[in-house]
Structures are given as structure tokens and as C-alpha cells.
1. I'd like to compare 377-384, 513-520: which one has the highest average count of other Cβ atoms within 10 Å, and what's the full order after that?
2. To the nearest 500 deg cm²/dmol, what mean residue ellipticity at 222 nm is calculated for the chain from DSSP H runs of n ≥ 4 alone, each contributing -39,500 (n - 2.57), summed and divided by the residues?
3. Which of the GluC sites (Glu not before Pro) found in the range 203-302 are loop residues per DSSP with 10 or fewer other Cβ atoms within 10 Å of their Cβ?
4. How many angstrom lie between the Cα centre of the range 266-284 and the Cα centre of the range 370-409?
5. Report, to the nearest whole %, how much of the accessible area of the range 276-401 belongs to carbon and sulfur atoms, 1.4 Å probe, protein only.
6. What is the Cα radius of gyration of the chain over 2.2 N^0.38 Å, N being its residue count?
7. What accessible area per residue, rounded to a whole number of Å², is obtained for the chain using a probe radius of 1.4 Å?
8. Residue by residue through the range 551-561, what is 3J(HN,Hα) from phi via Karplus (6.51 cos²θ - 1.76 cosθ + 1.60, θ = phi - 60°)? Round to whole Hz and write x for glycine and proline.
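The values are calculated or read from the model by the stated rules, or taken from the named source; none is laboratory data. Just so it is clear, the model here is predicted, and its values are computed rather than measured. For neighbour counting, all protein chains shown are included, and Cβ atoms are generated from backbone atoms with ideal geometry for every residue, glycine included. Accessible surface areas use protein heavy atoms only, side chains included; no ligands, DNA or RNA. Shrake-Rupley method; radii C 1.70, N 1.55, O 1.52, S 1.80 Å.
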Amino acid sequence: MYIYDELLDYARKYPDKIYGDQDFQSAGKFDTLFAFFSDDVPKEYEEEKAMLLLKAVTSCLDGDASIGELSNLLEDPFIMYYFTFCHHLDIYVRERLIDRGKLYLLGRNLSTKSNNNDIIKLGLTLLGISGNEEGRGIASVLGLHSEFTFYAITAFKYMDLHNKYVFEMANKTYGFGKVHCIQNIEPLTDDIKVWLIENGCDNVVMPNISAIICAQKASMSWYLKSRKVDKNVFSNISRLIYYIFSSDKNDVYEFHDSLETITEYMKYAKHYAKSFEDLCASAYIKKWMRPFWDPGEGDVKRKNGWSSNIERDIRNQCIDILKNKKWKGVLNNSLKSAEADTDTYIYLASELDADLNFSDLAPLLEKDPLDYKVSYYISKSGNEASMKSLIEYAKETINFDEMKLKPSDEGLKDDDLSFENKSDIFLYCILKNLSNYNIIELDLPQIALTTRYDDNRIEAIIYLRKHEDDWDEGVEKSLLDALDKEINKKIKKRLLRLLGKRVNGGFEDIKKEIRYVDIKKQIVKPHVKDVYLFSTYVAGLFYRDMSVVHNHLDEGDILYLKREPENQYDKNAIMVTTEDGYVLGYIPKKENSLSQRLLDAGKYLYAIVDEFLEDSNKLDIDLYLSYRDVMENTNEVVSMLIENPSTYKSKM
């Protein structure tokens, strides 16, 4: 049975239903992504391929070529030169160089008597340009399958009642086929506008882009003002807002009716918000309302009627809505089906102050077994039980054989990472944060020693160095095996030091210190109102094993300051540490007076890396006073600065 016959049989049995015997995640995916996002095909290539195919079609019409020859020309995806081909074919038809009747017959034959997808797509194209109404009937059947919807729509765009045809198709498609329908439909009637608002972005693929298209074609504020909105309809609006606002790439202030839409939406949200979509919409609206970004206390005006006062009011409304305890249950119920993406769940959890464990996020891993965002979240969560579950899951799930470092490889660098390296990133998240737990896990780092991603090998070495007292015989054997296979000179040097082997023909003269301290009480988050104090450098780097932070310390990174009053050389000593408590050195003795007084007074200080030159042991930093204490004791801080003017240096 041909594809057309199967679809025709289904259409006759179920005239108003979506054809479900297809994978909506993949059918039509390549053509859709190319049509939406690709613009780098050389014009010469398009012209050459289009004219070769047009010549072959003409030969078929004259009986001088076979369908097999057409198939050979369609080895490259038809979509790559589809529009150029249509342009030339249309000219040939209008100039009567090609007979419409013959073109229709060939198109009908190709589209209904083949199981070759590219041949069917070509057939639909010929049917459309032939202008025969019966051809649209064939297209309406084939268009039920998302692999062909794009061609079933675009090739017939110049025929009468095309918009009506597209709207009918939109109600019977899903997946990428539905995306093409909303892209090509014109909102000529209220029925179409209502459908776009209520159903347009209800899809398993490209919901965010679909939502933007729908919002551009049908005004949400018009919908909210002109129609009776009940609880069920309200959730449809919430879904549309959620998809638009959840992307940082969308500037919501650019939407001409965004203020009216959100103002009207919030009137209903107070009473109707109850579903997962409602939760998402309220949380992401709050995220976009950023009145605190503006300096001063005045009402700062923005685009399309927005102002900081309006944003503040809407933000407060969202906060009130999100206070309801029911939302955690709504979040957990949604997680069971993994209906949203990982970013959304993690963001909602932070907004609701909900801690998600490994079991909560397991459904996301069923959908995407190597979802490294789950790995990142769990490994940073501080939940030891979840971290153990994540480690065991990684051991069982990751195909480490595929990640092995091969002799012919140069190793995988940060710039080399792509979506294809999800397993490498998944593993990295675990190794990077493993030292933050009271877990002795030697197996995973040993496996990582011979994997392709450089940073995974480095993190494995760092972890094993910290837990040298827990080694068994197998660890040293793994290290020796890794040393034999290592191709990166710097990583090999790390392995040599860890094994106590000779470096450059002899042992290192000075034993470098490796020291970690507890900085839980020193951790603060930078704030826009934090006070810059002065710039300085970190003293004592030469005596620290800086290989621990190799490739992990960059400009802009945050460092923490902790007092060390028991220091035998300086009672005012202030340690400078990384985020995980690794001691890099000290604030220079001649500059630590002010910082010592502030820290001893209970203030919170931190540093930002200004420049780090690893080879020359040079680490310049900028010191800041955390905002959380500034407002409480402003006068005290100012007096300290006045009393010690020499310690304050203006940063230029």
C-alpha cells in the first residue's frame, strides 16, 4: 500500500481526527528547522540543483526520463532548494513552456504512487503549481502527515480559498505540520484568531516559536477584553504567555499590546490561577518585571507604555499568587509526566523555594536519559542521597566506551563541546561538585581518568588528590593506566605529581600546599548595590598547588574572604578562597587592615577576579562589601574608610 492510500483510508474513516500513526517529534523536523532557521545555502548551489531537477521534470513530461532519474536527483534534501525550484517552475508554467495538464498528471502520479518521501514532496509541488483543484484534494490527504504538511500548504498558496484550506488543515495536524499551518495562516476571521490564541501553541514541538507567531497574528488583549474568559480558557491564555515569557530571547516589551495583555490577565489570575500553565505564566511574568534594575526611585518609562511602577505593581501581584501552598503540589504532579522542559521545572522550584530530589526529576531522565541540566541541578543541590542516586544512575546509563580517549584524539576541549557531547557534560557536572559531599566515590573518577573531555580528566585528578587517604590498590593502577594513555602534557604533569613521579628529570624542590577550609558562612551572592572597596592581588600563590584550579579560574569569578586570626605570621591574616574553599593565598599584609576590621565586625566581603596569569602566579582581584550589611551600618563603614584613607584606592 502506498503512503497516500493509507492516509486516504484514515481520512475517510476519521475525517476530523489527527493522524496519529507518526512520530510527531521527528516527522517533518529537518524540513521545518531548515525552513525556519537556515539561510546559509549558497545561491549557486540552489540554482544548479533547481535547474537540474526542472530539466529532469521537463524530460519526464516529454517521456524522455523516468521517475528513477528524479529520485537520483533528490539525493540532497529537496527543501534546500525548494523555493528556487518553485520559482523557476512557476515561470515555465506561466510562460506556457510546460503544460499544466501534463504537470498535474505527473504530480498526481508521483504523490499517490510512491513511498519515497522526496518523490511525494516533489509530486505535491507539481500539483500545487499546476493549479488544479483536484490536486489540492490530494494534498489535503497527504498533509495529514507532518512530513508532507509544509509542501501541501506552500505549493497551493496562490489558489482561491487558500486560507480556509490552511485553517482546516491546522485543525487536523500536530507536531511540525501544525507549526507550518500557524506560520502560513492569516487571521482573517475571529474564529481563526480565537483558535490561534486557544490552540495555536498546543504542541509537542516548537511551542515557544508557535506562541510568538500566534501572539503576532492574534491580539491576546483583544481576546481577553472581548470574550468571556472562564477557568478552562484562562489556562490556554496562561500557556501562551508562559511560552512567550519563558524565553530570555524574547523582549516582551516589544510586543505592542503586552502591557494591556498582562494587565487584563492579572485581573483573572487572582481568581482562576490553579493549573500548571497558570503557575508557569505567573512565575515568568514575575521574572520579567524588573523595576529594581533602574537606578533612583522615580517612575522610569519604557517601551509600549511600560514603566517601573507598573512593573513593580504587577510583580507584587505575581508574588501574592505564588505564595499559595498549592503550587508545590501542582509542580510535583506536572513533574510526574515531565510535560515541560527541565529549565522550567528548575526555575519554578527556585521561585517556590522547593527542593527537588533525584526521584522528583527521574521522569525527565526517562524522557532524556542524559539531560545534563538534571545532573547539574542535583550535583549542586547539596542533597547527599540524591547525589548518590545520581552517581549510580550515571554508572548504569552512560556509555563510557564511547567516551574513551583514543590515541588518535587530541582530547575534547570546551570549544569542541556540542549537543552530541551530553554524556561528557553530564559526567562533568557530577565530578565538578563531588567534593562538596561527604561521599567517598572512587569508581567514577577512575573511569573519568581516560575519557575524552579534558576537564573530566582534570576533575577526576583533583578529586582523587583530595581523597588520597582513601585509595586502594586499584586507584594507583588506574592512575598509571591513565598516565600511559594521556596525551595532554599539562594533564600528564598533574598525574605525575599525584603519583609522586619525577617531573622534568627530578622531584619538585618545593612541596606545594593543598588546603581547603569551610566557607559556608562566608558565601554571599553579588548584588547591584554591593560596595567596591579597593583592588589588590593575592599573595602567596607560589606556595599553593595551582594545578587544583587549572582551567577553573577566570576573569569575573567570585572568590571568598575568611579570617585566619591564628596565623603565626599575621594576626590580621585574611585567606582568599575559591567557591569550594580551596585556599589560593592571602590579602597582602600591608593592605588587610580595613578588610580585617570589616570581617571582624561581622561584615561579608568577597572578591572578583580581575586578571589571572597562571604561568606567572599573578592573581589580581577587586574587593567588595556585600550589600546585606551595608544598609544596617552605613555610618560605621564610612567612618572606617575615613579613618583609613590610604587603604581605599579608586578603581580606574
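1. In decreasing order of mean packing, 377-384, 513-520 become 377-384, 513-520.
2. Dividing the helical sum by the residues of the chain leaves -15500 deg cm²/dmol.
3. Taking the range 203-302 and a limit of 10 other Cβ atoms within 10 Å, the loop GluC sites (Glu not before Pro) found are E297.
4. 35
5. Of all accessible area on the range 276-401, carbon and sulfur atoms account for 47 percent.
6. Its radius of gyration relative to the 2.2 N^0.38 Å reference: 1.23.
7. Values: 32510 Å² over 652 residues.
Per residue, the chain has 50 Å² of solvent-accessible surface.
8. 6, 10, 10, 10, 4, x, 5, 8, 10, 10, 10
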